[in-house]
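K.L.:
Got a structure here, written out as structure tokens. Questions coming.
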Amino acid sequence: MCGIAGRFGPGPNKILGEMIRTLLHRGPDDEHIVEKKTFALAARRLSILDVQGGRQPVSNERGTIWAAQNGEIYNFLELRAGLSERGHQLHTHCDTEVLPHLYEEYGDQLSTKIDGMFAVAVWDDEHHVGLLARDRMGKKPLYYCRHRGALYFASEIKALLCMPGFERKVCFDALHHFLSFKHVPAPLSIFEGIYILPPACTLTYRPGNDPVLRRYWDLDFSGADNGVIMSEEDMTDHVLELLRDGVRRRLLSDVPIGFFLSGGIDSSLSTVLAAELSGTRIKTFTLTYAQQSTTEGKEEDRRWARWVAERYETDHYEETIEVTNFPDNLRRIITCFDEPYAGVVSTYFLSQLISRHVKVALSGDGADELFGSYLSHRLAGPLANYQGYKKTGDAALLKPFETQLSFLEKLAEPDDWAWRYKLLVLSDEEKRALYSPETMLRTGETSTRALLNRYFSSLSAKDPLNRMLEAEFHTIFPDQVLAFVDRLSMAHSLEVRSAFLDTELVSFVAGLPGEWKIRNGETKYLLKKLALRYFPSEMVHRKKEGFLMPITQWLLRDLETYVRDTLAPQRLGKHGLFQTQQVQNLVDDLYRQPSDHQAVNRVYSLLVFQEWYDLYMA
């Protein structure tokens, strides 16, 4: 695991040193820079494989092809063996070393040979061409910017802000979409001119020419529409086999590995399989917030985490976090993203504590997104049935949802993307009512509704649930969920891996019909069938709270003065992007109607944006 930065094409010397040192947290163990007239590559290293000999950037035998990467290549031993058979000379046991040799063999197709989580940069100095590549799911980030005749790139935006002469400007399309999604959607960043490479994509760059983006892999949900000729028992067996293989691959490390253990089935399954495979006692970590520790749900989380730890004899660490001075912590978290982000941030505190014990941790990330768990997933089937009733008049379609008819009617739209749009924080119309005249002019015809329509228009699935899973797996999942896992763990030099994101497992589950994911309102149906082989029914079928910061509680109970000060007219006047009275109305609405969840999201998103602006633009 590392942080990387670089330049394809000519540019000033010594800049890479400044850029890469902004990424110290991603790799505190080593720094190395290769800087020449035609290119520059730099890496900060978090030593996990070949601790002594794994320095990068690395080159081929002749020094004509150079590479650096952030992440892990899980199949590098097989790749290494194959390259050696073809006559390539490899001298370390570090996974990055295979990259220049893979490029010699496969060129810009090298990413199709790699199984892992990665952001890769390769420079071919003979042909003066550079290649960037990002892993299939989007676990590792890679930002880029064309500037003064060269292409600059880095693991995080903060490194690109060091480019000499770069003028920081807000991207108004990004701002518009952030206020709906709580994150900036790829390929945009909040800074005009800086972009993130989308998941499963490569970028080829020849100095003097436009970059060429190509998608090298896609997740196919269309198989679900054809049905799967397998029994429930066989499907459960196959999921177990694939998950076990995913855990096995992610145990590859020359340093100790820890495990997130929340008390839910996702992290518990990863823990159990690792305990069976590792042959040694593993370390598990359970954390709660002091502000939540008395609630019944959190006590149940703690209880079942302890049960798993005792049953499978782990070295268990349990801590309660007392988060004080939320405004200061929020500012620190914003600097992890370098752009406004109003999503879940608990991983920051979780990683802070785990990093005191290990450099690598396994989590259960991806299970909810694969097997179906969120509100949008739970609504997909009922809303499809409701639309069917409205078209045919068949009342039998409504019978399972008789108690939810008023809610379904409120959301109902002829198209699934249209009702999903209603779940966003702010609609296009609400945002335009918030904007100042200048912002209205700059956002122009930008439409989040149209963007969501484009997402859904290219889907392969027809099954209502799988359409929602497919749309979110390509958008919200990498842009929000995987983003917070990466930025907030790497802020503490902790690498997080997830067996649920193994390519083979993801591909298989994507191809299952929706009825195996959510059945009769039971979320993650097939995964729970698997979990029952290891855990009591009481644990598997209970409501899981999740490790969430009680932001709503804090904003309403403790932070009203902070909220009003941050969103006061004089602070908002620094940028003039919003009508100050409209912002004050949203704040007043929050404290008049504290039970309105979206009111919290609206104010929190504006709060995060203002703090970001003061940190990066003022």
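K.L.:
Given the options Gly576, Gly514, Gly521, name the one that is in contact with a Leu (Cβ under 7 Å, 6 or more places away or on another chain) and either closer than 30 Å to Asp237 by Cβ or not aromatic (Phe, Trp, Tyr) (or both).
P.N.:
Gly514
K.L.:
Also, quick follow-up: Criterion first (in contact (Cβ under 8 Å) with a residue 60 or more places away in the chain and in a helix (DSSP H, G or I)) does Gln570 satisfy it?
P.N.:
Considered against the rule, which asks whether it is in contact (Cβ under 8 Å) with a residue 60 or more places away in the chain and in a helix (DSSP H, G or I), Gln570 comes out as no.
K.L.:
I need the full set of residues from region 313-362 which are at pLDDT 95 or above and among the aromatic types (Phe, Trp, Tyr), in order please.
P.N.:
Phe337, Tyr341
K.L.:
Of all the helices (runs of 4 or more DSSP H) wholly in region 421-470, which have at least 1 residues that are closer than 19 Å to Val583 by Cα?
P.N.:
428-434, 437-443
K.L.:
Given the criterion outside the structural domain of Met137 (by TED's automatic domain parsing), among the basic types (Lys, Arg) and without any contact (Cβ under 8 Å) to a residue 40 or more places away in the chain, identify the matching residue among Arg497, Arg487, Arg519.
P.N.:
Step by step, each of Arg497, Arg487, Arg519 is checked, and only Arg519 is outside the structural domain of Met137 (by TED's automatic domain parsing), among the basic types (Lys, Arg) and without any contact (Cβ under 8 Å) to a residue 40 or more places away in the chain.
K.L.:
Another question about this same structure. Can you spot a residue in region 84-93 that is part of a helix (DSSP H, G or I) and surrounded by fewer than 19 Cβ atoms within 10 Å (Cβ to Cβ)?
P.N.:
yes
K.L.:
It is to be established whether one or more residues within region 104-123 are under 18 Å from Thr38 (Cβ atoms), of a type in the set (Ser, Thr, Tyr) and under 28 Å from the mean Cα position of the chain (by Cα).
P.N.:
Within region 104-123 (the criterion being under 18 Å from Thr38 (Cβ atoms), of a type in the set (Ser, Thr, Tyr) and under 28 Å from the mean Cα position of the chain (by Cα)), the answer is no, since none of the residues qualifies.
K.L.:
I'd like to know if region 172-185 contains one or more residues that are surrounded by fewer than 15 Cβ atoms within 10 Å (Cβ to Cβ), touching a Pro at 6+ places or on another chain (Cβ under 9 Å) and charged (D, E, K, R).
P.N.:
no
K.L.:
Starting from region 337-354, take each residue that is on the phi > 0 side of the Ramachandran plot and touching a residue at least 24 places away in the same chain (Cβ under 8 Å) and list its partners that are in a helix (DSSP H, G or I) and among the aromatic types (Phe, Trp, Tyr), counting only C-beta distances under 9 angstrom and pairs at least six apart or across chains.
P.N.:
Note: pairs meeting the criteria are Asp338/Trp612; Asp338/Tyr616.
K.L.:
Restricting attention to region 104-139, which residues are free of Cβ contacts under 8 Å to residues at least 60 places away in the same chain and either under 16 Å from Phe8 (Cα atoms) or out of contact with any strand residue (DSSP E or B) (no Cβ under 9 Å at 6 or more places or on another chain) (or both)?
P.N.:
Glu105, Tyr106, Lys113, Val120, Val122, His127
The values are calculated or read from the model by the stated rules, or taken from the named source; none is laboratory data. This structure is a prediction, so every number in the text was calculated from the model and none was measured. No Cβ is skipped: glycine too gets one built from the backbone with ideal geometry, and neighbour counts run over all protein chains shown.
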